[in-house]
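What follows is a short report on a single structure.
The values are calculated or read from the model by the stated rules, or taken from the named source; none is laboratory data. Just so it is clear, the structure is predicted and the values come from calculations on it, not from any experiment. Don't worry about glycine lacking a Cβ; one is built from the backbone with ideal geometry, like all the others, and counts go over all protein chains shown.
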Amino acid sequence: MIVTTKKLFEHAYGKYAIGAYNINNLEQIVGLFRGNLDSQAPFIIQISKGARSYTNKTFLEGLIRAADEVYQEAVFAVHLDHGDEAACYDCIESGFYSSVMIDASSKPFDENIAITKRVVDAAHAKGIVVEAELGMLGGVEEHVSVSESEAKLTDPEQAREFVERSGCDSLAVAIGTSHGAFKFTGTQSLHFDVLAQIQERLPGFPLVMHGSSSVPQEEVARINAAGGNLAGARGVDATQFKRAAELGVTKINIDTDGRLVWTRVHREFFLEHPEKFDLRDPGKIFMAEYAKFIAAKNDYLGSSGQLPAVREFLKA
Ligand code: G3H
Ligand code: 13P
Ligand code: ZN
């Protein structure tokens, strides 16, 4: 069942965070649904601009519709990740997405507000909710690359003003994380003090943490042992998710860790079986491993086991 992130956040606020997982293909979608059902968690499927143009966005929508039919117990939101204005309008018009992210965080404050407000007006007219971003995460995203020295933590007072003036439904805040597999390479760390100050000014308002992959060292070691080269990769300590949730973070974005599972499975498989070439063999292992990974991640987020309560909450 597709729901808005707003409903999921209402149930989660202050208690746990919902995993927002980026997907690009069939195997990820199947593993994602299985893992969330195994752990009985509500979840958010995120589709980036890059995912939409990897093949044709219609394929992804069709796959998610099919998964909704196959896994009828699942409760999830379909969300555009890091959209620009045009992508947001496209998703709003499509009638498929329940939530969009407008990322105008690279623009000056007033312009970010103006762009976000235009998207909010268009989205709300159709019952769709909007995530916006204030501050600058370090790291690489599809259309922006920000060095650590350019990264800018969210200013708590500006966050309050931004939400009030833009009317956004949730806010991605920069508190020291960055996208990709190489986090905290310089002086970065998680700034819970800043998060607490934002929550103080925006009590009850859902916050979002991007760049939250943990880049498990065991995963990195296995990839490197199977011919990869990810020396120096590191991520966010997943044991900190619950603390973030208590401080108002209701959505935690994870993409890189899923890519690492894919890389490890395929590297190890072809190293161990140089004679094989049936793509379904590693595909089956990947779906099972991805499901395991999702369920384990949901335990850290605190979303595991929440599905029955969320279903009741949605009925009320
Ligand atoms: O924040 C970016 C996400 O990890 C999506 O990555 O733009 O390469 O699909 P992508
Ligand atoms: P990671 O690169 O840490 O997985 O972050 C993903 C993300 O923030 C997607 O918007
Ligand atoms: Zn992101």
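Quick look at the numbers
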| read-out | value |
| --- | --- |
| Residues of the range 165-181 classified as surrounded by fewer than 19 Cβ atoms within 10 Å (Cβ to Cβ) and either of a type in the set (Phe, Trp, Tyr) or outside any loop (DSSP other than H, G, I, E, B) (or both), total | 1 |
| Within the range 196-218, tally of residues that are hydrophobic (A, V, I, L, M, F, W, C), away from ligand 2 (no atom under 16 Å from the Cβ) and either buried (at least 19 other Cβ atoms within 10 Å of the Cβ) or in a loop (DSSP other than H, G, I, E, B) (or both) | 3 |
| Subset tally (residues that are more than 20 Å from the chain's Cα centre (by Cα) and either within 14 Å of ligand 3 (Cβ to nearest atom) or within 17 Å of Val120 (Cβ to Cβ) (or both)) for the range 164-193 | 4 |
| Residue that is under 25 Å from Phe293 (Cα atoms) and either away from ligand 1 (no atom under 16 Å from the Cβ) or touching a strand residue (DSSP E or B) at 6+ places or on another chain (Cβ under 6 Å) (or both), where the choices are Val215, Val194 | Val215 |
| Residue that is surrounded by the most Cβ atoms within 10 Å (Cβ to Cβ) [pool: residues in the range 129-154 that are at pLDDT 95 or above and within 18 Å of Asp255 (Cα to Cα)] | Glu131 |
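Every residue, every condition in (1) farther than 19 Å from Lys15 by Cβ; (2) among the acidic types (Asp, Glu), yes or no:
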position: Gly211; (1), (2): yes, no
position: Ser214; (1), (2): yes, no
position: Ile223; (1), (2): yes, no
position: Ala245; (1), (2): no, no
position: Gly248; (1), (2): no, no
position: Val265; (1), (2): yes, no
position: Glu275; (1), (2): yes, yes
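Let's see how each residue does on (1) within 25 Å of Tyr300 (Cα to Cα); (2) hydroxyl-bearing (Ser, Thr, Tyr); (3) more than 18 Å from the chain's Cα centre (by Cα); (4) at pLDDT 95 or above:
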residue	(1), (2), (3), (4)
Ala41	yes, no, no, yes
Ser48	yes, yes, no, yes
Arg52	no, no, no, yes
Ile115	no, no, yes, yes
